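Asks: Quick one: structure below, then a few questions.
The values are calculated or read from the model by the stated rules, or taken from the named source; none is laboratory data. Please read these numbers as outputs of a predicted model, since none were measured by experiment. Cβ sites come from the backbone with ideal geometry, for glycine too, and all protein chains shown count toward neighbours.
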Amino acid sequence: MVKKVGIVGAGQMGNGICHVFALADFDVVLSDISQDALDNALQTIEKNMQRQIDKEIISQDQANSALSRIKTTIGLAGFTDVDLAIEAATENEDVKKAIFRELSGILKPDAIMATNTSSISVTRLASVTDRAHKFIGVHFMNPVPVMALVELIRGIATDQETYKTIENIIKTLGKISITSEDFPGFIVNRILMPMINEAAFTLYEGVGTIIDIDKGMELGTNHPMGPLKLADFIGLDTCLAIMQVLYEGISDSKYRPCPLLIKYVEAGWLGRKTGKGFYDYSGDEPVPTR
């Protein structure tokens, strides 16, 4: 039975996953390599819970109780007694594999390992661990406290008990799961990222402006957020990393990353998190950068 959860990575995804598990009465230990990242994560969680209180989604008592269940730690030494470890580090295969190799020597034998990867092979990540049968992909959507969906991805060795345990936990969190086979991009990003990439090509080739591309998809297809605005929200580096996984994993030219997307990432214009991407966020209102 899963009672205590360890989360590796206190960034945008990690703090959101921590948030929802703590609200669902799990004890949570949140890990990062930086104390600043942990401090920022706790501030973000408190701010997001306050937003839920203001909207009367949760009570002040629920928030206080959830926050009391969260502990933070530098590194992974505090994971010796967790029942489930979820990796939510940067979308880089080498980084993720290093984390799972280290976790293999720390976790108790019956603990489950999970990755929040949005595109990388779950089977490949599981192969570096000591428990491929107890390893699964658990891809939360961003922002985690708001989005209802979680993709579950079985590696080739994932056993049924692990799958059912995680499926039930997702229900406990009040979320809905779908199951994807372990192929590049899974379901959501296999469809979403090529759309974002095509929006970048539409801009790159001068077919439309940033404003008109986003307005076209918002008003023409009823998307709540245009694809370039959404790319900035996700992070252009993450979008590029997923497109590269699709391109290399499927070997089809339709997944070739747009040169303009590559150029923005090379410039360090990664979207909202750096203050500039397809839009500049330094003023009161976002302004297109092209």
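Asks: Which ones in region 5-41 are over 17 Å from VAL144 (Cα atoms) and of a type in the set (Gly, Ala, Ser)?
Replies: Listed by number, the residues that qualify are SER31, SER34, ALA37.
Asks: Could I ask something else about it? Before we move on, is ILE45 aliphatic (A, V, I, L, M) and closer than 22 Å to VAL144 by Cα?
Replies: yes
Asks: Sort out which residues of region 262-277 are in a helix (DSSP H, G or I), surrounded by fewer than 21 Cβ atoms within 10 Å (Cβ to Cβ) and either modelled with pLDDT of 95 or more or in contact with a Ser or Thr (Cβ under 6 Å, 6 or more places away or on another chain) (or both), and write them in order of number.
Replies: Those that are in a helix (DSSP H, G or I), surrounded by fewer than 21 Cβ atoms within 10 Å (Cβ to Cβ) and either modelled with pLDDT of 95 or more or in contact with a Ser or Thr (Cβ under 6 Å, 6 or more places away or on another chain) (or both): ILE262, LYS263, VAL265, GLU266, ARG272, THR274.
Asks: Answer yes or no as to whether LYS108 is surrounded by fewer than 22 Cβ atoms within 10 Å (Cβ to Cβ), of a type in the set (Lys, Arg) and free of Cβ contacts under 8 Å to residues at least 60 places away in the same chain.
Replies: For LYS108, the condition - surrounded by fewer than 22 Cβ atoms within 10 Å (Cβ to Cβ), of a type in the set (Lys, Arg) and free of Cβ contacts under 8 Å to residues at least 60 places away in the same chain - is met.
Asks: Go over the candidates LEU219, LEU246 one by one and state the one that is in a helix (DSSP H, G or I) and either touching a strand residue (DSSP E or B) at 6+ places or on another chain (Cβ under 9 Å) or in contact (Cβ under 8 Å) with a residue 12 or more places away in the chain (or both).
Replies: From the options LEU219, LEU246, the qualifying one is LEU246.
Asks: Which of the helices (runs of 4 or more DSSP H) found entirely inside region 68-173 contain at least 1 residues meeting this: in the same structural domain as LEU23 (by TED's automatic domain parsing), closer than 23 Å to ASP237 by Cβ and out of contact with any Asp or Glu (no Cβ under 9 Å at 6 or more places or on another chain)?
Replies: In region 68-173, the matching helices (runs of 4 or more DSSP H) lie at 93-104.
Asks: What tally of residues in region 1-30 results from selecting those that are in a loop (DSSP other than H, G, I, E, B) and of a type outside the set (Asp, Glu)?
Replies: Count: 8.
Asks: Give region 174-216 a look and list any residue that's assigned to a loop (DSSP other than H, G, I, E, B) and hydroxyl-bearing (Ser, Thr, Tyr), or say none.
Replies: Answer for region 174-216, where residues must be assigned to a loop (DSSP other than H, G, I, E, B) and hydroxyl-bearing (Ser, Thr, Tyr): just THR209.
Asks: Quick one: what pairs do we get from region 260-277, first residue under 15 Å from PRO227 (Cα atoms), second of a type in the set (S, T, N, Q), C-beta under 8 Å, 6+ apart or different chains?
Replies: Going by the 8 Å Cβ cut-off, the qualifying pairs are LEU261/ASN197; GLY277/THR289.
For every residue, the table says whether it meets (1) among the hydrophobic types (A, V, I, L, M, F, W, C); (2) surrounded by 14 or more Cβ atoms within 10 Å (Cβ to Cβ); (3) over 23 Å from ILE250 (Cβ atoms).
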position: LYS171; (1), (2), (3): no, no, yes
position: LEU192; (1), (2), (3): yes, yes, no
position: ALA199; (1), (2), (3): yes, yes, no
position: GLY206; (1), (2), (3): no, no, yes
position: ILE213; (1), (2), (3): yes, yes, yes
position: GLY216; (1), (2), (3): no, yes, yes
position: MET225; (1), (2), (3): yes, no, yes
position: ASP232; (1), (2), (3): no, yes, yes
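Asks: I would also like to ask the following. Return the residue satisfying two criteria in turn: it lies in region 278-290 and is under 14 Å from THR209 (Cα atoms) and either among the aromatic types (Phe, Trp, Tyr) or in contact with a helix residue (DSSP H, G or I) (Cβ under 7 Å, 6 or more places away or on another chain) (or both), and of such residues it is modelled with the lowest pLDDT.
Replies: Of everything passing the filter in region 278-290, ARG290 is modelled with the lowest pLDDT.
Asks: Could you identify the single residue in THR209, THR202 that is in contact with a helix residue (DSSP H, G or I) (Cβ under 9 Å, 6 or more places away or on another chain), free of Cβ contacts under 8 Å to residues at least 60 places away in the same chain and in the same structural domain as SER251 (by TED's automatic domain parsing)?
Replies: THR202
Asks: Still on this structure, I have one more. Among the residues of region 167-199, write down those that are farther than 25 Å from GLN244 by Cβ and touching a residue at least 60 places away in the same chain (Cβ under 8 Å).
Replies: Listed by number, the residues that qualify are ILE169, THR172, LEU173, GLY174, LYS175.
Asks: Considering only residues that are more than 23 Å from MET243 (Cβ to Cβ) and among the basic types (Lys, Arg), look in region 111-150 and name the one that is surrounded by the most Cβ atoms within 10 Å (Cβ to Cβ).
Replies: Taking the candidates together, the pick is LYS134.
Asks: Go through region 25-50 and give me each residue that's hydrophobic (A, V, I, L, M, F, W, C) and surrounded by fewer than 18 Cβ atoms within 10 Å (Cβ to Cβ).
Replies: Matches in region 25-50: ILE33, LEU42.
Asks: Continuing with this model, one more query. Among the residues of region 234-261, write down those that are among the hydroxyl-bearing types (Ser, Thr, Tyr), over 17 Å from the mean Cα position of the chain (by Cα) and buried (at least 17 other Cβ atoms within 10 Å of the Cβ).
Replies: TYR247, TYR255
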